[in-house]
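Note sheet for the following structure.
Bear in mind that the values in this text are calculations on the coordinates, not laboratory data. Computed from a prediction, not measured in an experiment: that's the story for all the values here. Ideal geometry is used to build each Cβ from the backbone, glycine not excepted, and the neighbour counts take in all protein chains shown.
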Amino acid sequence: MALTTVRSSAGGKRREESAGPLTPKRYDRREAIAGYLFISPWIIGFLIFTLGTMIYSLAISFSHLNLATNLMRPAGTSNYQRLLEDPKIAASLGNTLFYAVLAVPLEICFALFLASLLNRVRRGAGFFRTVYYLPKMTPAVATAAIFLLLLNGNTGAINQFLRFFGIAGPQWLVDPAWVKPSIVMMTLWGVSGTMVIFLAALKNVPRELYEVASLDGAGPVRQFFSITVPMISGAIFFNVIILTIAAFQVFDQAYLLFWRDTSNASPEASLFYAVYLFQQAFQQFNFGFAAAMAWLLFVILMILTAIQVKVGNRFVYYEGDR
Amino acid sequence: MATIGASTKPGTLQPADAGRPSRRRRRWGIGQILLTALLIGFTALFLYPLVWLVSASLKPGSQVFDNSLIPKTWQWSNYADVWDQLPLLHWIFNSVVIAILAAGLVAVSSSVVAFGFAYFRFPARNLLFGLVLGTMMLPGSVTMIPTYLIWKQTGLLGSWVPMFGANLFGSAFYIFLQRQFYLGLPRELFEAARIDGASYWGMFWRIAMPLSIPSFVIVFLFEFQASWNNFQGALIYLNGGSLNNFTAPLGIAYAMTKYSPTNGGQGDYQYVMVASLLVTIPMLLLFSLGQRYFIEGVATQGRKG
C-alpha cells in the first residue's frame, strides 16, 4: 500500500482536486488515512483470521502438532501421503461427491420450478413464498430432530405415506443406498433460499420478451427454455457455484443424523468429508492430517469453481451494467 | 447494481400485471386454478414437518412415533416438564446472548468497514475490496482448525468469545451489502456535512448510520439467524464444557441422543420435539417481523453473483 502518490499539501483545497475524475492517482492524505482507519477492522481480521489462518493451516498440514504443548514437529509431506493411503479419504470424498451430484441439480430444478410457479400465480404469491420460506428459518438441529423420525424406516411418516400407495419404503437411515437421498430430501425441504434468488431474477426478465414470443407462437415450455433460462442464467450460475461449495461441506445434517452418537447403522455410506475432517481434528486431534484434508478440499473446490466459471462464461448472459 | 431499499421493493414481489390487457385475463381460468392447486400441494409438503413437530411435542413419549397429526392424548405437561428434563432455559439464554453479540458486533463493524470502502478514496481501495469479495469464496473448513488454535492460544477456549469474536472484524458478504447501500446515498449529503464541519466519524455516525438502518437490519437478522443455527461452532467450542453452558443447537443434539430410543436412550423423544419447537419459534417470529429484510438479503446474495 504505497502512499507515495498521496498529495502532501494538507491545505483547504484538497477536496476539490481529489474529487475530479481526471486525477485518479491523487489522494487526499487525511481522507486516505481516515479511509484506512475505517477499514482497519477488516484489515486486522483479514490478517489474523484469513491470511493468518491460511498460513497457519498450511504450516500445520506439514507438521505433527502436539496439542498439549502446542509444539509443531515437522512432518514433511507425510500428512499428504496419508491422504492417499487412508481409504476413508477416498470413501468420504466419494460420498460427498455423490451427494453433491444428486443434491445440486435437484435443488436448482426444484427451486427454479417453485420460483416459476410463484412468478406466474396471480393471487397469493406472497403467502406461498412466506410458507415455503419457513423451513429455511428452522434451525438445522430441529430439522434433523424432525427428520430423524420422519425418515425412520419402520415407523416414519414418509414410509407410512408411501405404504398408502402400496410402496414399501426403504430403511432411509440404515440402508447405505438411501443415506444420501435422505439428506438430499432434508436439503430440498430448505430450498427456499435458492428459490428466492431465482424469484428475484425472474422479476427482472422483461415481460415484452414473452409477449413477442407468444405472438410468434412459442408455448410456455418453449418460452421457458428460450427466454427464461437464458435471461436468468446469471442466477443459475451463481446458485450452482454456491450450492456446490455448500454440498461439499455438508456437515450438520450428516453429523446430527448419523454421527451424534455411536449408534450409526451405516458408517461407511454416511461418512461425509466434512464429518471425517471434524472427527480427525476435534475427536482424534490429528490436526496435521485434518489440515491437509482441509487443503485438499480447498483445492478441489477451487478446481471445481474454476471449471464452473469457465463453462458458465460460455452460457451466462450478463446484462450490461456489471 | 444492487441498491438496497431504493430500487427494489421486497414487500411487493407479486407479479405486477396491472397493465396487462385481455390476453392475460383469458388465462385466469383453468391455468391459474391448476397453478394454485399445485402451490397449495407444496404448501402441505413444506408445512407437514412443522405441523408434525407441533403435534409430536404434545404427545406422550409412547405416541411420538405414531404419526397421527392430532395427538390421541394431549399431553400439555410436556411443556412444563421439559424445563426440569433439560437445562433448556440456560441454552436459550446462552443462544440469545451469543446471537445478539454476534449480530450486533458484525453489523456495526461491517458498517464501519463498508463506509470506509464506499466513501473514502485511498490507494489500493479496489484491490482491497476485491480481497474482501475473494474471502467469501474461502471454505470455512480451511480456516476452522487454525482458528480453533488461535483461540486456544488466547486462552479464550471454553468461553463464549470464539462463538462471536471474529465478528468484531466485519464479514465479507455484510461489508459488500452495506457498501452497496452507502453507494446509493448521494455524495452531496456528505460534502454538505463536511462543509458544516462534521468529522469523518461524525459523517458516518450521524448521517450514514441512521440512513442505513434497513441494510443494518438485514445484516443483524441474517447473522442472528446464523448464530442461532450455529451447530458446528458450538460442537467445537462448547461441547467439552458444562451442560448449562451449551447453546440451544448443541443442547438439542445432546437431547436427541439422551432420549433417542434407538441407542438405549430413555425414549422420551417428546422433550426433543418441545425443545426443537421452542428454538424454532423465535426464528419464525423473527421472520414474520422482518420478512422483507430476509428476502431482500437473500435476493442481494444472488445479485452479487
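Can you show me the helix-derived [θ] at 222 nm for the protein assembly as shown, built from DSSP H runs with n ≥ 4 at -39,500 (n - 2.57) apiece and divided by the number of residues, rounded to the nearest 500. It lands at -20000 deg cm²/dmol.
Ranking B:189, B:281, B:64 by how far each Cα lies toward the positive end of the dipole of chain B (charges on Cβ) leaves B:189 at the top. At an R0 of 56 angstrom, the distance between the Cβ atoms of residue A:85 and residue B:206 translates into a FRET efficiency of 0.35. When B:51, A:121 are sorted by how many other C-beta atoms sit within 10 angstrom of their C-beta, beginning with the fewest, the order is B:51, A:121. Across A:71, A:301, A:83, mean-square fluctuation computed from a Gaussian network of chain A (C-alpha pairs under 10 Å connected) peaks at A:71. Just check the stretch A:81-315 against the gyration tensor rule for me: Cα atoms, a ≥ b ≥ c as the square roots of the eigenvalues, rounded for a/c under 1.5, and otherwise prolate or oblate depending on whether a/b exceeds b/c. Judged from the Cα gyration tensor, the stretch A:81-315 comes out oblate (a/c at least 1.5, b/c at or above a/b). Sorted ascending by nearby beta carbons within 10 Å, beginning with the fewest, A:215, A:106 become A:215, A:106. Taking springs between alpha-carbon atoms closer than 10 angstrom, which of A:297, A:243, A:47 fluctuates most in the Gaussian network model of chain A? With Cα springs under 10 Å in chain A, the top fluctuation among A:297, A:243, A:47 is at A:47. For the stretch A:156-163, backbone phi angles converted through the Karplus equation (6.51, -1.76, 1.60; θ = phi - 60°) give residue-by-residue couplings of x, 5, 5, 6, 4, 5, 5, 4 Hz, Gly and Pro being listed as x. Here residue A:130 and residue A:224 are evaluated by their C-beta separation; at R0 = 22 Å the FRET efficiency comes out at 0.30. For the pair the stretch B:173-224 / the stretch A:68-106, the C-alpha centres are spaced 43 Å from each other. The slack in the chain from residue B:121 to residue B:30, taken as 0.36 nm per residue of separation less the alpha-carbon distance, amounts to 26.9 nm. Could you tell me which of rounded, prolate or oblate describes the protein assembly as shown, using a ≥ b ≥ c as the square roots of the eigenvalues of the alpha-carbon gyration tensor, with rounded for a/c under 1.5 and, failing that, prolate when a/b is larger than b/c and oblate otherwise? Oblate. For chain B, the longest principal axis of the alpha carbon atoms and the long axis of helix B:125-135 meet at an angle near 10°. Lysine pair count for the protein assembly as shown (Cα-Cα distance under 23 Å; residues 8 or more apart in sequence or on different chains): 12. With the simple model of a label 7 Å out from the Cα in the direction of the Cβ, residue B:38 to residue A:48 spans 5.2 nm. Ignoring the sites themselves, chain B has its longest run without chymotrypsin sites (Phe, Trp or Tyr not before Pro) in a DSSP loop having at most 15 other Cβ atoms within 10 Å at B:77-305. Result for chain A in a Gaussian network model with C-alpha springs under 10 Å: among A:114, A:162, A:173, the largest mean-square fluctuation is at A:162. Rounded, prolate or oblate, given the Cα gyration tensor of the stretch B:16-169, with a/c below 1.5 counting as rounded? Judged from the Cα gyration tensor, the stretch B:16-169 comes out oblate (a/c at least 1.5, b/c at or above a/b). Between residue B:70 and residue B:243, the contour length at 0.36 nm per residue exceeds the alpha carbon distance by 58.9 nm.
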